[in-house]
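The structure appears below as structure tokens.
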Amino acid sequence: MTLEEPGRVVLLTASHRVAPGLLSWPAWQTLRAADRVLCADPGHPQLPYLREAGVEAEIAEPDAQELVEACAGGRTVVVLPSGEGDRRLTDGLARLAGSGRVAMPDLELLPGSYDLPGARLLDLVQVMDRIRRECPWSSQQTHKGLAKYALEEAYELVEAVEEGDRDELREELGDVLLQVVFHARIAEEGDAEDGADPFSIDDVAGTIVEKLIHRHPHIFGDAHAETPEEVKEHWLRQKAAEKGRASVTDGVPLGQPGLALAAKLASRVRTAGLDVPLPSGEGIGYRLLALAVAAEADGTDPEAALRAAARAYRDAIRTAETS
């Protein structure tokens, strides 16, 4: 090894969505073997964990030339950038490398940790928390005041699915997710409307995880199911036991659109194996009920079918308007 050897610069990055100290084994190996570890931020979240591991980090903010000189003689210098990165340093290194007048050390970007699936949901929770605290409109919203938006976003999501527009689908899924996170953030403060105890988005996620596990005994338990019909039977049986329902109609929201309501009731009757004759009566309502029940029996969603026909009607209207 000679003094002319340029050495190595390692920029060690870590995801802010992963707890500090949870670094990869290559990252720890590099930190322990480095000749110097530099960090410009004395409050960097990794520093306490480096000290516990016996890795001494210097609080220093070298420029590009100083960093190159620190690597002289084949030394390895690890730099811990701040959460926003160090644009001044990286731009300076790029200029030195482009000049052709400096023997540059090897430059390596070493990810010390990686985002797990779902990590960006943590960003959403953090952003929603700040908006709730600082936005004049969002800070005043209540569950009841937001309810109408949840309904609107759900309808827009259904429309995106039916239109087959994947870009629109991704956006509308985000809008629906926002409603969930927004309501959960409000719930953290407790409910001033009825004095209910607070809960968080983690409680919401924990509840649905427990429900999914409990209602899928063929995956997480000893039950057996090979067909979609058998899975649905398991789901309805578990759901009925959880809710303590006395009727198959319990839990069917009466506020949903009429065709969807009729189809849902027909599905509950069919699944339960009940023989319930349709009520007789005069008027379009009873005829629509019969059509909805027949559609459900044939595996057709009458609400979706009517929306598809309505869209065709809309297109015909537009054609007539331009002809």
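The values are calculated or read from the model by the stated rules, or taken from the named source; none is laboratory data. What you see is a predicted model, and the numbers here were worked out from it, not measured in a lab. All Cβ positions, glycine included, derive from the backbone under ideal geometry; neighbour counts span all protein chains shown. Keep in mind that these areas ignore ligands, DNA and RNA; they rest on the heavy atoms of the full protein, side chains included. Shrake-Rupley method; radii C 1.70, N 1.55, O 1.52, S 1.80 Å.
Observations, loosely collected:
- Quotient of Cα Rg and 2.2 N^0.38 Å for the stretch 236-287, N being how many residues it contains: 1.28
- Projected label distance in nm at LEU107 and SER138, using a 7 Å step from Cα toward the beta-carbon: 3.6
- Relative contact order of the stretch 197-268, taken over Cα pairs closer than 8 Å and 6 or more residues apart, is 19 percent.
- Cα shape, the stretch 181-323, gyration tensor, a/c 1.5 rule: oblate
- Here the simple spin-label model places points 7 Å from the Cα toward Cβ, and for LEU254 and TRP25 these points are separated by 6.3 nm.
- Among the listed pairs LYS144/LYS232; LYS243/LYS264; LYS239/LYS264; LYS148/LYS264; LYS211/LYS232, those beyond 24 Å (Cα-Cα): LYS144/LYS232
- Accessible area of the stretch 1-120 belonging to carbon and sulfur atoms, whole % at 1.4 Å probe: 53
- P(r) tail for the stretch 1-138: Cα pairs beyond 20 Å make up 52% of the total.
- Applying 1/(1 + (r/R0)^6) with R0 = 51 Å to the Cβ-Cβ distance of SER99 and LEU173 gives a FRET efficiency near 0.60.
- Estimated FRET transfer efficiency (ASP298, ASP197; beta-carbon r; R0 51 Å; 0.05): 0.65
- Distance histogram for the stretch 20-74 (every C-alpha pair counted, 5 angstrom bins, percent rounded to whole numbers): 4, 18, 26, 25, 16, 9, 1
- Global size of the stretch 83-136 as Cα Rg and Dmax, reported in angstrom: 18.7, 55
- Here the Karplus curve 6.51 cos²θ - 1.76 cosθ + 1.60, taken at θ = phi - 60°, turns the phi angles of the stretch 245-255 into couplings of 7, 8, 9, 5, 8, 5, x, 7, x, 6, x Hz, with x standing for Gly and Pro.
- Relative contact order of the stretch 249-323, defined on C-alpha pairs under 8 angstrom at six or more residues apart (%): 32
- Pair-distance profile P(r), taking every C-alpha pair of the chain, with 20 angstrom steps and integer %: 20, 37, 27, 15, 2
- Each peptide among 196-205, 35-44 gets the average number of other Cβ atoms lying within 10 Å of its residues, and from highest to lowest they stand as 35-44, 196-205.
- For LEU38, distant residues with modelled amide H under 5 Å away: GLU58, VAL78, VAL79, LEU80
- Placing unit charges on the Cβ atoms of the charged side chains and taking the dipole of the chain about its Cα centre, the candidate lying farthest along the positive direction among THR319, GLY258, LEU89 is GLY258.
- Cα centre as origin, Lys/Arg/Asp/Glu Cβ charges: the chain dipole, Debye: 360
- Whole-percent carbon and sulfur share, accessible surface of the stretch 252-323, 1.4 Å: 62
- At q = 0.14, 0.23 Å⁻¹ the log10 of I(q)/I(0) for the stretch 75-197 amounts to -0.81, -1.33, computed by Debye summation with a single uniform scatterer per C-alpha, solvent ignored.
- The chain - percent relative contact order, Cα under 8 Å, separation 6 or more: 14
- Projecting the Cα atoms of PHE199, TYR155, GLN29 onto the charge dipole of the chain (Cβ charges, centred on the Cα centre) puts TYR155 farthest toward the positive pole.
- FRET efficiency estimate (nearest 0.05) - Cβ-Cβ, LYS148 to VAL209, R0 45 angstrom: 0.95
- Applied to the stretch 143-160, the Karplus parametrisation 6.51 cos²θ - 1.76 cosθ + 1.60 on θ = phi - 60° returns per-residue 3J(HN,Hα) values of 4, 5, x, 8, 3, 5, 5, 4, 5, 4, 5, 5, 5, 5, 5, 4, 5, 5 Hz, with x for Gly and Pro.
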